[in-house]
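Colleague: Let me begin by handing over the structure; questions about it come next.
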Amino acid sequence: MSQQAELISGGVSNLNPAISAEKQGRLNQRLKIFALGALLPALLLIVWQIMGDAGYISPLLFPTPLRIGAAAVTLASSGELLSNLKISIVRVAAGFVIGGGLGLAFGVFVGLYRKTEKALDPTVQMIRMVPHLAIAPLFILWFGIGETAKILLIAKGAFFPLYINTFLGIRNVDNKLFDVTRVLGYSKLKTIVQLVLPAALPNILLGVRLSLGVAWLGLVVAEIMGSTAGIGYLMSDARQFSKTPIVFVGIIIFALFGKLTDSLVRLLERRWLSWRDSYKGS
C-alpha cells in the first residue's frame, strides 16, 4: 500500500508542473493578445499627445490625452463621475433586459411558427426601420423626460438585433432534428429547451452582443436629448460650456463599457460554444 501511495503521489507531483506550465502558457497568450490589441490605441494616443503639445491641433477641439485624463481624475475625485455612471448603467441594464427579453421571446415564437411570422414580422420590420432620433421626441411626448422614456428608447434598440438573430438561429436548425423530437414524443416546451435554444445559441449570443451595443447607443440618444443625470448628461452639459475634455471622457467611458460588455458575452461564447470546431483565422 505504501508503494502504491508513493507512486500515486509521485505521479501527481509530476502532473503539477505540467498544469502550471499550461496555465502560464495561457496567461502569456492572453497577455500577447492584449498587447497586440492595445498597440494601435497606444500609438494613436502618443501621436495625439505629440501633435497637441506641438500646437498642430486645436486644444479646444482636440484636447491632449493628458488633459482628458486630468478631467477624468477631477470628475472621479469629486464623485460626480461615479454617481452619473451608476445611473447610466442602470438605464442600460433595464432597457436591455426589457428589449432583449422581448426580442428573444418574439424571435422564438416567430421562428417556430410560420403563421406568427406572417402576422408579426412585417410590422416588426417596419418599426425596426424607424431611427432612434425620429422616435425619441414621440417618446418624450408620451412619457415625458423621466426614466420611462429613456428605458423604453434603449429597449426599442435592444429588441431588434436579438429578435432577428434568434429568428435566424431557429430557422437554421436542421429540420431532421425536429423529426427526431417528434418520433421521441417531445413536448413543445421540451423541444424548445433541449433542441431549439441550444442549436440557435450561436446566433442568440451574437444577437446579445449586437443588442448590448445598440443599448449603449440608445443611452447616448436618451441622455443627450433630455436628462438631468448620467454620462450623456455630463457630455451635453460640458458641450454647452465648451468643456471639451469632459466630452471626451464621456466618449471614452461609453467605449470602455461597451467593449467590456461585449468581452463578457464573448467569454460566454467561448465557454458555452466550446464544442464548435470553427475556423479561428490563420
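The values are calculated or read from the model by the stated rules, or taken from the named source; none is laboratory data. Since the structure is predicted, the reported quantities are computational estimates derived from the model, not experimental observations. Every residue, glycine as well, gets a Cβ built from its backbone with ideal geometry; the counts of neighbours run over all protein chains shown.
Colleague: Of the conditions (1) part of a helix (DSSP H, G or I); (2) touching a helix residue (DSSP H, G or I) at 6+ places or on another chain (Cβ under 6 Å), Ser227 fails just one. Which one is it?
Modeller: All conditions are met except number (1).
Colleague: Ok, one more. Regarding Thr166, is this residue in contact (Cβ under 8 Å) with a residue 60 or more places away in the chain, polar (S, T, N, Q) and over 30 Å from Trp48 (Cβ atoms)?
Modeller: Numbers: in contact (Cβ under 8 Å) with a residue 60 or more places away in the chain: yes; polar (S, T, N, Q): yes; over 30 Å from Trp48 (Cβ atoms): yes.
Yes: the conditions hold for Thr166.
Colleague: Val180: under 23 Å from Arg270 (Cβ atoms), free of Cβ contacts under 8 Å to residues at least 24 places away in the same chain and part of a helix (DSSP H, G or I), yes or no?
Modeller: Details: under 23 Å from Arg270 (Cβ atoms): no; free of Cβ contacts under 8 Å to residues at least 24 places away in the same chain: yes; part of a helix (DSSP H, G or I): yes.
Judged against the criteria, Val180 is not a match.
Colleague: When you go through Ala200, Ala215 one by one, which is the residue that is buried (at least 16 other Cβ atoms within 10 Å of the Cβ), within 21 Å of the chain's Cα centre (by Cα), over 30 Å from Asp179 (Cβ atoms) and hydrophobic (A, V, I, L, M, F, W, C)?
Modeller: Working: Ala200 fails: over 30 Å from Asp179 (Cβ atoms).
Within the list Ala200, Ala215, the selection yields Ala215.
Colleague: State yes or no: is Ser236 out of contact with any Pro (no Cβ under 7 Å at 6 or more places or on another chain), of a type in the set (S, T, N, Q) and under 22 Å from Thr74 (Cα atoms)?
Modeller: Working: out of contact with any Pro (no Cβ under 7 Å at 6 or more places or on another chain): yes; of a type in the set (S, T, N, Q): yes; under 22 Å from Thr74 (Cα atoms): yes.
So Ser236 passes the test.
Colleague: Given Leu133, Leu205, Leu138, Leu162, which one is aliphatic (A, V, I, L, M), touching a Ser or Thr at 6+ places or on another chain (Cβ under 8 Å) and within 21 Å of Ala94 (Cα to Cα)? Outline the logic, then answer.
Modeller: Values: Leu133 fails: touching a Ser or Thr at 6+ places or on another chain (Cβ under 8 Å); Leu205 fails: touching a Ser or Thr at 6+ places or on another chain (Cβ under 8 Å); Leu138 fails: touching a Ser or Thr at 6+ places or on another chain (Cβ under 8 Å).
Going through Leu133, Leu205, Leu138, Leu162 in turn, just one is aliphatic (A, V, I, L, M), touching a Ser or Thr at 6+ places or on another chain (Cβ under 8 Å) and within 21 Å of Ala94 (Cα to Cα): Leu162.
Colleague: For segment 126-181: of the residues being surrounded by fewer than 17 Cβ atoms within 10 Å (Cβ to Cβ) and small (Gly, Ala, Ser), which is nearest to Val214 (Cα to Cα)?
Modeller: Ala134
So that you can scan it fast, the table gives a plain yes or no per residue for (1) modelled with pLDDT of 90 or more; (2) within 30 Å of Ile253 (Cβ to Cβ):
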residue	(1), (2)
Gly79	no, yes
Leu102	yes, yes
Gly107	yes, no
Gly111	no, no
Ile145	no, yes
Leu177	no, no
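Colleague: When residues of segment 244-260 are filtered for being under 21 Å from Pro59 (Cα atoms) and out of contact with any Lys or Arg (no Cβ under 9 Å at 6 or more places or on another chain), how many remain?
Modeller: Result for segment 244-260: 5.
Colleague: Still on this structure: State whether one or more residues within segment 163-181 are of a type in the set (Gly, Ala, Ser) and under 27 Å from Leu260 (Cβ atoms).
Modeller: Just the residues of segment 163-181 that are of a type in the set (Gly, Ala, Ser), to begin with: 169.
Within this subset, residues satisfying the condition of being under 27 Å from Leu260 (Cβ atoms) are 169.
Yes, some residue in segment 163-181 is of a type in the set (Gly, Ala, Ser) and under 27 Å from Leu260 (Cβ atoms).
Colleague: For segment 244-282, which residues satisfy the criterion of being more than 23 Å from the chain's Cα centre (by Cα) and at pLDDT 85 or above?
Modeller: Thr244, Pro245, Ile246
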